[in-house]
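Student: Dumping the structure here so I can ask a few things about it.
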Amino acid sequence: MSRVLSGIQPSGDLHLGNYLGAIRNWVEDQGSHDAFYCVVDLHALTLDIDPAELRIRTQDTALDLLAAGLDPDRCTLFVQSHVVQHTQMAWLLECTATMGELRRMTQFKDKSEGKESVRVGLFTYPVLQAADIVLYDAERVPVGDDQRQHLELAREIAIRFNHRFGDVLVVPEAAIPKAGARVMDLQHPERKMSKSVSSPLGTVLMMDEPDQITRKVKKAVTDTDGEVRFDRESKPGLANLLELLAVSTDRTPDQVASSYERYGDLKADTAEALIELLRPVQARRAELAADPGAAAALLARGAEKASEVAEVTYARAAEAVGLLAPR
Ligand code: TRP
C-alpha cells in the first residue's frame, strides 16, 4: 500500500472546511493507503501562542480527528513533537534548501510583511514541513490548495538532496482535492471558510450545537434575484449552500438546485443535513473527551509507530550526508 502523510495545525476548533475539504479524505485514505497523520505542534510555535493554550489545542485537535473517523487501527495518528526525528531531519533539509527559495514562499511573505521582527522559524516553516513528509517516505500528501507551493518546495528539496547524496528520499506529490471540496465562508462566500475571528457567523465548527448550525445557515449571505440555480460566479453564496447540501447527501449541486424553489427551504434542509452529518462526529467526540487517558494512550501508540519509520529514514539520511553513526 502506498504511503500518504498529512499534517494539521493545532488551531483548536476544527470547522466544516477542515472536515469536508481535508479530514473526510484522510478518513477515506485509511482504507486504501498506509496513512500517517500528525498534529503539527512544532509548526504552531511559529505563531504567538500561549503555552497552556497550545497544549490544550494539540490535545483537542487530536480528539477531533479521532472523532471525525481517523482510526488508530487503520492509520498512524501522532503528535509531531513526540517524534524527535522531525527536527533532526529539518536540519538536514535546511542545509539543502536555499534562502532564495524560502523567500519566495507566499505564506512567508504574507505573514512577515510589514513586521519589524520576523522569527527564523516562520522562515524555515516549509522546511520542517518537508521533513514531516520525507521522514515517512510519503508518496502522496493530501493538502488544501493553499499548500501547493509548500509541496512544490518539498519536492524540490527532496530531489536536490537525492541529487547530491544518492537515492535517499522519496519525492512526494501533492494530492489536492477538486474545487468542489472547497467550503466557503457563509458570510463572505468569496473566501474560504477558516477559523477567523472576523467572521464567527461565517464558520460552522465541527462541534457547533444544532441550533448554532441552524442560525448560521439561516443567516448565510445569498443574493436577491431569488432564483435557485448553481452558479459559482454570480451566485457564490447560494452555490456554497448547494455544494454543502450536495456533499452531505451525495448528490451534485445541480441536482440539489433542481429540487428547490425557495432559498428558505434550501437553507432549512442544508442546516438539517449538516446537523445530521456532524451528529455522529460530535457523539464520538463526547465519548473521547470523557476518557482522556485512553486518548493519550492512542497518541502514545501512534508516536511509537511513527518513530519506528522515522528512525529508519533519518538514519539513512544522516548516513548519506556523512554523519558518524553513534554506537
Ligand atoms: N502547513 C500545513 C498547513 O498549514 C500543515 C502541515 C505541516 C503539513 N506539515 C505538513 C501538511 C506535512 C502536509 C504535510 O496546512
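Read the figures in this text as sums done on the coordinates, not as results from a lab. Computed from a predicted model, the values in this text were never measured in an experiment. As a convention, Cβ positions derive from the backbone with ideal geometry for all residues, glycine included, and neighbour counts pool all protein chains shown.
Student: Along the charge dipole of segment 192-327, pointing to its positive end and built from +1/-1 on Cβ of Lys, Arg, Asp and Glu, which listed residue (Leu244, Gly322, Thr224) has its Cα farthest out?
Tutor: Gly322
Student: Please report Ser112, Ser6 as a ranked list, fewest other C-beta atoms within 10 angstrom at the top and most at the bottom.
Tutor: Working: Ser112 15, Ser6 24.
By the 10 Å Cβ count, ascending: Ser112, Ser6.
Student: Right, another one. If you average the sequence gap of Cα pairs under 8 Å that are 6 or more apart and divide by the length of segment 170-327, what percent do you get for the contact order?
Tutor: After rounding, I find 17 percent.
Student: Compute the Cα gyration tensor for segment 267-327, then decide on rounded, prolate or oblate, letting a ≥ b ≥ c be the square roots of its eigenvalues: rounded whenever a/c is under 1.5, prolate when a/b is larger than b/c in the other cases, and oblate in all that remain.
Tutor: oblate
Student: State to the nearest 20 debye the size of the charge dipole of segment 57-202 about its Cα centre, where the only charges are +1 on K and R beta carbons and -1 on D and E beta carbons.
Tutor: So the dipole magnitude of segment 57-202 works out to roughly 380 debye.
Student: Can you work out the PRE-style zone for Arg251? Point 7 Å along Cα to Cβ, and I want the residues of segment 262-279 with backbone N under 19 Å.
Tutor: It comes to 262-278, nothing else.
Student: Quote the relative contact order of the chain in percent (integer), defining contacts as alpha-carbon pairs under 8 Å separated by 6+ residues.
Tutor: Numbers: 503 pairs, mean separation 69.6, N = 327.
Rounded, it is 21 percent for the chain.
Student: Still on this structure: Once both labels are modelled 7 Å past Cα along the beta-carbon direction, what's the Glu311-Asp13 spacing in nm?
Tutor: 4.1
Student: Moving to a separate point now. Under 13 Å from the Cβ of Glu308, count the other residues' Cβ atoms, weight Lys and Arg +1, Asp and Glu -1, and hand me the total.
Tutor: My count for the surroundings of Glu308 gives -2.
Student: With a ≥ b ≥ c taken as the square roots of the eigenvalues of the C-alpha gyration tensor of segment 89-183, please select rounded if a/c is under 1.5 and otherwise prolate if a/b is larger than b/c or oblate if it is not?
Tutor: Cα axes put segment 89-183 in the oblate bin.
Student: Taking the Cα centre of segment 243-314 as origin, sum charge times position over the Cβ atoms of Lys and Arg (+1) and Asp and Glu (-1), and report the length of that vector in debye to the nearest 20.
Tutor: Charge dipole of segment 243-314: 180 debye, to the nearest 20.
Student: Moving on. Write down the percent of antiparallel bridges among all DSSP beta bridges whose residues are both part of the chain, to the nearest 5.
Tutor: 10
Student: Placing +1 at every Lys and Arg Cβ and -1 at every Asp and Glu Cβ, with all other atoms neutral, what dipole size does the chain have around its Cα centre, in debye to the nearest 20?
Tutor: 540
Student: FRET efficiency for Leu47 and Glu276, Cβ-Cβ distance as r, R0 = 45 Å, nearest 0.05?
Tutor: Efficiency computed from Cβ-Cβ geometry: 0.85.
Student: What list do you get for Arg24, Arg316, Arg57, Arg279 if you sort them by fewest beta carbons within 10 Å?
Tutor: Fewest-to-most ranking of Arg24, Arg316, Arg57, Arg279: Arg279, Arg316, Arg24, Arg57.
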